[in-house]
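Report on the structure given below.
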Amino acid sequence: SEEEAVLAATRRFYDALEHLMLGKGLEPMFEAWHHTDRVTSGHPLGDWASGWREVEATWRIFADFGRPEMGGSKVTELQARVYGELAYTTCVFVTAPFAGGLKLNCTNVLHRQDGVWKIVHHHADKAPGLEKTMEDLAGG
């Protein structure tokens, strides 16, 4: 079903995030997204990113922190709603143990183009406690 396809695309996105945080690279994350000026994201630490160049830059910053001990995140309560060529998912993203296992409510919007569902918007709750963890990792 289309709902199952949207859920699978969203799981690929979170698998790509785990891949990135393990220090294994950006390719799966970039594959999960449409690369247009209309994509947007809001991460737990930052302001809104608008357009593929800004969104891509946010993932590059996260990838700079990636290393094997940073794995272990998971997604729970994943649900999808499909409206023609658009869909959205909601879930709870549980950060990896290094980040304290924080539970962040997330929303993702996907667009189907040429039969393929990809992310056009990602939003995660703000997590002030995560900022300190990332500063510590950056050495500052």
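The values are calculated or read from the model by the stated rules, or taken from the named source; none is laboratory data. Keep in mind that what you see is a predicted model, and the values were worked out from it rather than measured. Quick reminder, even Gly has a Cβ in these numbers, built from the backbone with ideal geometry, and neighbours come from all protein chains shown. SASA here: full protein model, heavy atoms, side chains in, ligands and nucleic acids out. Shrake-Rupley method; radii C 1.70, N 1.55, O 1.52, S 1.80 Å.
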Considering the stretch 102-125, residues that are open to solvent by less than 30 Å² (accessible area, probe 1.4 Å) and of a type outside the set (V, I, T), and then whichever is farthest from the chain's Cα centre (by Cα), we arrive at W117
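Only one of V39, V92 is open to solvent by less than 20 Å² (accessible area, probe 1.4 Å), under 24 Å from L7 (Cα atoms) and over 12 Å from the mean Cα position of the chain (by Cα). Can you tell me which? Reasoning before the result, please.
Working: V92 fails: over 12 Å from the mean Cα position of the chain (by Cα).
Exactly one of V39, V92 is open to solvent by less than 20 Å² (accessible area, probe 1.4 Å), under 24 Å from L7 (Cα atoms) and over 12 Å from the mean Cα position of the chain (by Cα), namely V39.
What do you reckon, is E31 over 16 Å from H111 (Cβ atoms) and open to solvent by 30 Å² or more (accessible area, probe 1.4 Å)?
no
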Across (1) of a type in the set (S, T, N, Q); (2) touching a helix residue (DSSP H, G or I) at 6+ places or on another chain (Cβ under 7 Å); (3) over 18 Å from A16 (Cα atoms), T89 clears everything bar (3)
Does any residue of the stretch 45-52 turn out to be closer than 14 Å to A124 by Cβ and surrounded by 15 or more Cβ atoms within 10 Å (Cβ to Cβ)?
yes
